[in-house]
Amino acid sequence: MRASLPASLLGLVALSSAQTWPFNIVGTWSTKSNKTLTGPGFYDPVNENLIEPERTGISYSFTGDGHYEEAYYRAISNPANPACPSGIMQWQHGGWVMNANGSLSLTPIAIDGRQLLSEPCKGGNSVYTRYNQTELFERYEYLIDPYHNITRLNLFRFDGSPLNPMYLVMSPPMMLPTTTLHPPSATATAGSKNSKRGLDVEVPINWKSKLEGSEGAQVVRYVNAERLWWVGLAMTGVGGLLYVGPRRMGVTL
């Protein structure tokens with residue numbers, strides 16, 4: 001007679017077969033600029049400071065036992081005024097799994113994520129808030145980039161659209177502790193001392209912490225307005241070339 005497994009054990013077997021952690025994705029990955037990276041160089045959880053990288057970019061880190069971290073630093077174009085873009089920094093971490101259909105589910109620790117939005121042309125303050133965004137990637141690709149001859153990771157959003165390619169920076173990954181960094185009791189205490197820090201706090205755009213990073217980088221809670229202005233100027237120049245260039249060649253758009 002065949003022995004039957006307890007229902008609880010069957011559930012664990014089904015879960016383990018449906019959710020896995022492929023090891024070829026383990027490590028810290030970053031887009032081409034290789035300046036935006038996860039870890040303590042992007043977010044200081046003790047002082048709740050975001051550290052502005054030299055260039056915009058995206059970085060993800062994955063462990064083999066289901067933890068992840070992500071860092072985003074992006075310029076947001078302004079179609080109405082290309083010379084006046086916005087800047088946004090986002091950081092979060094949590095757990096990840098690969099589902100039975102090959103998709104990746106990333107679930108952040110909701111209380112830990114942070115976002116800094118800077119709109120220099122709309123006033124002198126940046127807005128510092130909590131950030132919590134669950135993500136689903138339809139699939140991923142792991143390959144050797146044929147042009148750079150280095151390991152590349154392609155992530156595809158839930159709708160199939162690709163993120164910018166990311167390249168392996170280091171393995172094992174560079175990450176902050178994977179446990180909750182801002183437990184509710186600590187967050188409540190910090191909030192009472194600093195106007196509910198992390199909940200829609202406005203930060204003067206030229207504010208700088210007295211602290212300095214280990215490599216001399218300034219620890220900030222704002223996005224460099226001058227750097228965003230140069231990004232906007234570049235966008236304006238590219239737009240002008242695309243508009244004027246064809247006409248000088250006699251091409252009608």
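The values are calculated or read from the model by the stated rules, or taken from the named source; none is laboratory data. Predicted model only: the values in this text are computed from it and were never measured. Here the Cβ is made from the backbone with ideal geometry for all residues, glycine too, and neighbour counts use every protein chain on show. Protein only, heavy atoms only, side chains kept; ligands, DNA and RNA dropped before computing areas. Shrake-Rupley method; radii C 1.70, N 1.55, O 1.52, S 1.80 Å.
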Percentage relative contact order, region 44-113, counting C-alpha pairs under 8 Å, at least six apart: 23 percent
So, in nm, how far is label Tyr147 from label Val46 when the simple model puts each one 7 Å beyond its Cα toward the Cβ? 4.1 nm
Could you calculate the FRET efficiency of Leu136 with Thr180 from 1/(1 + (r/R0)^6), where r is the beta carbon distance between them and R0 is 25 Å, rounded to 0.05? 0.65
Hey, can you find the accessible area per residue of region 39-103 for me, probe 1.4 Å, expressed in square angstrom? 34 Å²
Taking protein heavy atoms only, a 1.4 Å probe, and rounding to whole percent, the accessible area of region 29-115 owed to carbon and sulfur comes out at 52 percent
